[in-house]
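The block underneath contains the structure these notes are about, expressed in structure tokens.
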Amino acid sequence: MSSAQGRRPIRRALISVYDKTGLPELAKALHGAGVELVSTGSTAAGIEAAGVPVTRVEDVTGFPETLDGRVKTLHPAIHAGLLADLRLPAHEAQLAELGVRPFDLLVSSLYPFRETVDSGAGEEECVEQIDIGGPAMVRGAAKNHATVAVVTSVSLYPMILEALDGGGFTLAQRRSLAARAFMDIAEYDIAVAQWTAAVLDPDPRGWPAFAGLGLRRADVLRYGENPHQQAALYLNPDSPPGLAQAEQLHGKEMSYNNYVDAEAAWRAANDFGDPAVAIIKHANPCGIAVAPDVAEAHRKAHACDPVSAYGGVIAVNRAVSVEMAKQVADIFTEVIVAPSYDDGAVEVLSAKKNLRILVAPPWQPLPAEWRPIGGGVLVQISDRIDAPGDDPATWRLVAGEPVADPRDLVFAWRAVRSVKSNAILVAVDGATVGVGMGQVNRVDSARLAVARSNGRAAGAVAASDAFFPFADGLQVLAEAGVRAVVQPGGSVRDEEVVAAANAAGLTMYFTGTRHFFH
Ligand SMILES: NC(=O)c1ncn([C@@H]2O[C@H](COP(=O)(O)O)[C@@H](O)[C@H]2O)c1NC=O
């Protein structure tokens, strides 16, 4: 029986859910609509407790639930009932011959495998939480969406109630539910495959044989990096929450480039313990600063390069104060992202109609970074995870006198890792004053940093994300009056570079760690 929209009445439902939320209400509604309920162990107990009659799976299969629940629904009487394509007279005839009755609806929720792993449970417990029968049923019902509806989440129960009122699910709804069910199963299997690859067959180098991405579309964006490129935002359930989960309080919709720049800004600002502001354009900083309060940090970051900061993306690692909001509202800014906003700050910022105001979840570095290449993906541990060389106590003084107060050098060394290579960053008083980024040789980066500093390099400190291959880049800084430089060291010409530093009376430290960022 089917209508023009392909509706199929719900006469018999199989319910087997780990998550019992909303079960009594669902069971009552189904029973009230005349639907016969078939169910597994504790799900059936929950339905009975709600006063709703239910047929136990054992009574359908003639086989007890056994092996501690490892075998409950894995039986032809269940799977034939889910997989029979009732559009085909032959399938109907075969069911009748076998005495199997078809299901019109499967309601399922799987054992909480991912949650069990995340809780730190032992191997045996995790293995036991690998659901076998649930995914088998879901796959069967989803494949057979021509006649069966499959519901895999409590959040979809309202759809069942609507379907009961409307005479069953439409074909379009069953197709959509099937697609969702296969996504759920795939995500579940990715979690199982990742865990088993890592735990049952560990790699001595720490790189599991399998890595899966079960991405879910969160948004379709207006366009990509350029207007002719289509683009969308997907969420990664394996990633700690971040910018993709940010809440937008105001402004135009986020664009692809807004996300790219906001991510760079958010990552840069959160690299500091003190109140910090990063202003980003084209994924590079046009100002980063720390200060006792965010308004001052913003003034200092903006002063680095006010020309470039026009139309920039701002991130701050503390609540945005009203004072800072007033400053930002005076400058054309695309996006501001912060962990929170003081009372009144959003109102001030909202005066700018288009300014996108975001609240991001607490910063967590990505454990691993992925970069697609033709035919594959490169994966690396983030530079933000346990990068050595941050502690100035571990630095090696290789030229000049030790600096009495290393704070600016520490700041510059931390800030330079948010600058695209080759990166040279000049800093004064906890703020960048000249940033040379993205050049294909280090001497040009040094020239750019000095040029941008507009005379402020005299007496400043500088950081280089990688060693100076020649003395020329360092000499550019020295000629501009930079007094101290921090860099990884490690060039075959380190001696020349150190000699140039000594000749210029410049202090230089080696960190032993490089911060390339491409
Ligand atoms: N093995 C089976 O035949 C089987 N059939 C269904 N399950 C799962 O058992 C759970 C429901 O069981 P209960 O109703 O006893 O709480 C569901 O999460 C369902 O996905 C099974 N369990 C694990 O594989």
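The values are calculated or read from the model by the stated rules, or taken from the named source; none is laboratory data. The structure displayed is predicted, hence computed values, not measured ones. FYI the Cβ positions are ideal-geometry reconstructions off the backbone, even for glycines, and counts take in every protein chain you see. Heads up: the accessible areas ignore ligands, DNA and RNA and are worked out on the full protein's heavy atoms, side chains in. Shrake-Rupley method; radii C 1.70, N 1.55, O 1.52, S 1.80 Å.
How would you rank 117-127, 68-78, highest first, on the average number of other Cβ atoms within 10 Å across their residues?
Taking the mean over residues of other Cβ atoms within 10 Å, the ranking is 68-78, 117-127.
For region 44-122, compute Rg over Rh where Rg is the Cα radius of gyration and Rh is the Kirkwood radius from the inverse mean 1/r over Cα pairs.
When Rh is taken as the Kirkwood radius, the ratio is 1.07.
So what is the 222 nm mean residue ellipticity for the chain from helices alone, if each DSSP H run of at least 4 adds -39500 (n - 2.57) and you divide by all residues, rounding to the nearest 500 deg cm²/dmol?
Calculated mean residue ellipticity at 222 nm is -10500 deg cm²/dmol.
Under 23 Å Cα to Cα from K20, which lysines show up? Leave out anything in the same chain fewer than 8 places away.
Counting by Cα, and skipping residues close in sequence, K20 has these lysines nearby: K28, K72.
Report the antiparallel proportion of the DSSP beta bridges in region 246-359 as a percent, rounded to a multiple of 5.
If we restrict to bridges inside region 246-359, about 60 percent are antiparallel.
Scan the chain and note any complete DSSP helix (H) whose C-alpha atoms cover at least 24 Å along its axis and whose Kyte-Doolittle average is -0.5 or more.
Qualifying helices: 171-199.
What ranking of V419, V346, V377 comes out by heavy-atom accessible area, probe 1.4 Å, highest first?
The most accessible residue leads, giving V377, V346, V419.
Whole angstrom only: what separates the Cα centroid of region 242-259 from the Cα centroid of region 365-400?
Going from one Cα centre to the other spans 26 Å.
Taking H placed 1.01 Å from N in the peptide plane, check which residues at least 5 places from A399 or on another chain put their amide H under 5 Å from its amide H.
Here M508 satisfy the definition.
Any chance you could look up the accessible area of E253 with a 1.4 Å probe, heavy atoms only, rounded to 10 Å²?
100 Å²
Given 0.36 nm per residue, what is the gain on full extension from E369 to R384 after removing their alpha carbon distance, in nm?
Going from the current span to full extension adds 4.4 nm.
For D390, what accessible surface area do you get with a 1.4 Å probe? Give it in Å², rounded to 10.
D390 has an accessible surface of roughly 40 Å² with all protein chains in place.
Which of A351, Y341, H302 sits closest to the plus end of the dipole of region 302-358, meaning its Cα is farthest towards the positive end, when Lys and Arg get +1 and Asp and Glu get -1 on the C-beta?
My answer, from the dipole projection, is A351.
Of K281/K420; K326/K420; K252/K326; K326/K353; K252/K300; K252/K352, which sit over 22 Å apart, Cα to Cα?
Result: K326/K420; K252/K300 exceed 22 Å.
Hey, can you rank 29-39, 468-478, 215-225 by average C-beta count inside 10 Å, highest first?
Ranking, from highest mean packing down: 468-478, 29-39, 215-225.
Accessible area, 1.4 Å probe, largest first: how do V322, V335 sort?
V322, V335
Charges on Cβ only, +1 for Lys and Arg, -1 for Asp and Glu, centred on the Cα centroid of region 18-158; of L86, V57, F113, which one is farthest towards the dipole's positive end?
Checking the options against the dipole of region 18-158, the answer is L86.
What's the long-distance tail for region 254-357, i.e. % of Cα pairs beyond 19 Å?
Of the Cα pairs, 30 percent sit more than 19 Å apart.
Might you report the magnitude of the Cβ-based charge dipole of region 12-200 about its Cα centre, with Lys and Arg at +1 and Asp and Glu at -1, to the nearest 20 debye?
640 debye
May I have the pair-distance distribution P(r) for the chain, computed from all Cα-Cα distances with 20 Å bins from 0 and rounded to whole percent?
19, 37, 27, 14, 2
I'd like to compare 52-62, 282-292: which one has the highest average count of other Cβ atoms within 10 Å, and what's the full order after that?
282-292, 52-62
Any idea how far the Cα center of region 433-480 sits from the one of region 401-416, in Å?
Value for the Cα centre distance between the two parts: 15 Å.
Between region 190-232 and region 305-347, what is the separation of their alpha carbon centroids in Å?
32 Å
In terms of modelled amide H atoms, which long-range or inter-chain residues lie less than 5 Å from the amide H of A149?
Under 5 Å from the amide H of A149 lie the amide H atoms of L105, L106, each far enough along the sequence or on another chain.
Could you please report the charge total around K352, scoring K, R as +1 and D, E as -1 over all other residues with beta-carbon less than 11 angstrom from its beta-carbon?
Result for the local shell: +1.
Decide, for region 392-510, between rounded, prolate and oblate: order the square roots of the alpha carbon gyration tensor eigenvalues as a ≥ b ≥ c, take rounded if a/c falls under 1.5, and otherwise choose prolate if a/b is larger than b/c, else oblate.
rounded
Once phi is turned into ³J(HN,Hα) by the Karplus curve 6.51 cos²θ - 1.76 cosθ + 1.60 with θ = phi - 60°, what whole-Hz value does each residue of region 352-359 show in order, with x for glycine and proline?
8, 4, 8, 4, 7, 10, 10, 10
Classify region 36-78 as rounded, prolate or oblate from the Cα gyration tensor: take a ≥ b ≥ c as the square roots of its eigenvalues, call it rounded if a/c is under 1.5, otherwise prolate when a/b beats b/c and oblate if not.
oblate
Give the percent of DSSP beta bridges with both residues in the chain that are antiparallel, rounded to the nearest 5.
55 percent
In a shell of Cβ-Cβ distance under 15 Å around A399, excluding A399 itself, what net charge do Lys and Arg (+1) and Asp and Glu (-1) give?
Within the 15 Å Cβ shell, the charges total -1.
Net charge near S308: determine it from the other residues with C-beta under 11 Å of the C-beta of S308, scoring Lys and Arg +1 and Asp and Glu -1.
+1
Relative to the Cα centre, what is the charge dipole magnitude of the chain, using +1 at the beta carbon of each Lys and Arg, -1 at the beta carbon of each Asp and Glu, and rounding to the nearest 20 debye?
The dipole of the chain has a size of about 1480 debye.
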